[in-house]
Amino acid sequence: MALRHTKKKCKGQNRANGFKGCGKETYYRTYGLCNSCLSDWYDSDVGKVYMKKLTLNAKSKVKIKSRRKEKQQTAKAKLDIMSPDQYRSKYLQPKINEIARLIDFGHPCIATGNYGKMNGGHYVSVGANRTICLNLHNIFIQSFESNHWKSGDSLKYQQGLIETFGFEYFSFVQSLAKHKLIKLTKDEMILKRSEAVKIIKELKSTEIIRTSTERIELRNEINLRLNIYDTDFCEYVESKKLKQ
């Protein structure tokens with residue numbers, strides 16, 4: 001059985017605090033006032049200010065919702081006319097680069113050995129080879145300064161790969177350029193980006209400093225998970241013990 005409200009005297013409370021009210025006992029009240037006195041309070045100076053504020057807030061919410069919808073429509077329109085390579089550059093590539101940085105968390109720049117503001121830097125540049133620009137074996141943590149220096153400090157980068165992972169692995173990285181041409185559609189890249197976002201979240205939840213072997217193994221694992229490249233170009237299988 002539903003409980004009945006308790007009868008109380010009509011007297012302003014909360015937002016209507018200070019409004020006298022009629023004093024009659026009633027079951028149903030808003031701000032402590034019966035319906036008749038509530039109407040009178042709305043007509044008072046204080047009540048009018050409150051109602052004006054409510055109206056302004058409601059209009060503001062409508063405007064915000066409208067602007068958000070307009071922004072979403074604009075973003076969708078821009079996405080619709082964006083070429084696959086533009087989508088890769090703006091939306092997918094940054095996520096793949098971030099994955100590489102997170103795999104290499106705590107390590108210095110692959111080219112200079114310095115710490116500081118870090119990027120995900122390509123060994124074989126994006127401009128030189130679009131096909132392998134999303135392969136994690138072609139992207140390592142690199143300082144912002146080094147990554148933007150001429151050809152990305154290519155000779156120092158090469159030396160860094162050899163010193164960190166060994167010559168055999170470096171040879172594997174060089175062999176990536178032999179992969180057949182890949183042209184992902186925009187829809188395919190949208191799905192890859194969605195998976196990359198999940199991977200980034202997982203990596204951020206367990207930020208640890210990994211050994212050279214672990215850095216390569218994780219690149220293998222995530223390359224396979226993203227499923228962009230042929231298996232032979234996703235995985236490096238070592239035949240020599242990597243430098244720890």
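Tabulated data
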read-out	value
Qualifying residue in region 119-138 (condition: in contact with a helix residue (DSSP H, G or I) (Cβ under 6 Å, 6 or more places away or on another chain), over 19 Å from I222 (Cα atoms) and open to solvent by 60 Å² or more (accessible area, probe 1.4 Å))	no
Failed item, numbered, when E145 is tested on (1) of a type outside the set (K, R); (2) in contact with a His (Cβ under 8 Å, 6 or more places away or on another chain); (3) assigned to a helix (DSSP H, G or I); (4) at pLDDT below 95	(2)
Residue list for region 70-111, filter: open to solvent by less than 40 Å² (accessible area, probe 1.4 Å), under 19 Å from the mean Cα position of the chain (by Cα) and not β-branched (V, I, T)	Y87, R88, L92, Q93, N97, E98, A100, L102, D104
Failed condition for N114, given (1) without any contact (Cβ under 8 Å) to a residue 40 or more places away in the chain; (2) polar (S, T, N, Q); (3) open to solvent by 10 Å² or more (accessible area, probe 1.4 Å); (4) part of a helix (DSSP H, G or I)	(4)
Any hit, region 189-202, residues being outside any helix (DSSP H, G or I) and either surrounded by 14 or more Cβ atoms within 10 Å (Cβ to Cβ) or among the acidic types (D, E) (or both)	no
Counted residues, region 216-234 - those being in contact with a Leu (Cβ under 9 Å, 6 or more places away or on another chain), surrounded by 12 or more Cβ atoms within 10 Å (Cβ to Cβ), part of a helix (DSSP H, G or I) and not hydrophobic (A, V, I, L, M, F, W, C)	3
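The values are calculated or read from the model by the stated rules, or taken from the named source; none is laboratory data. Keep in mind that what you see is a predicted model, and the values were worked out from it rather than measured. Please note: Cβ atoms are built from the backbone with ideal geometry, for glycine as well, and neighbour counts cover all protein chains shown. What goes into the accessible areas is simple: the full protein's heavy atoms, side chains included, and nothing from ligands, DNA or RNA. Shrake-Rupley method; radii C 1.70, N 1.55, O 1.52, S 1.80 Å.
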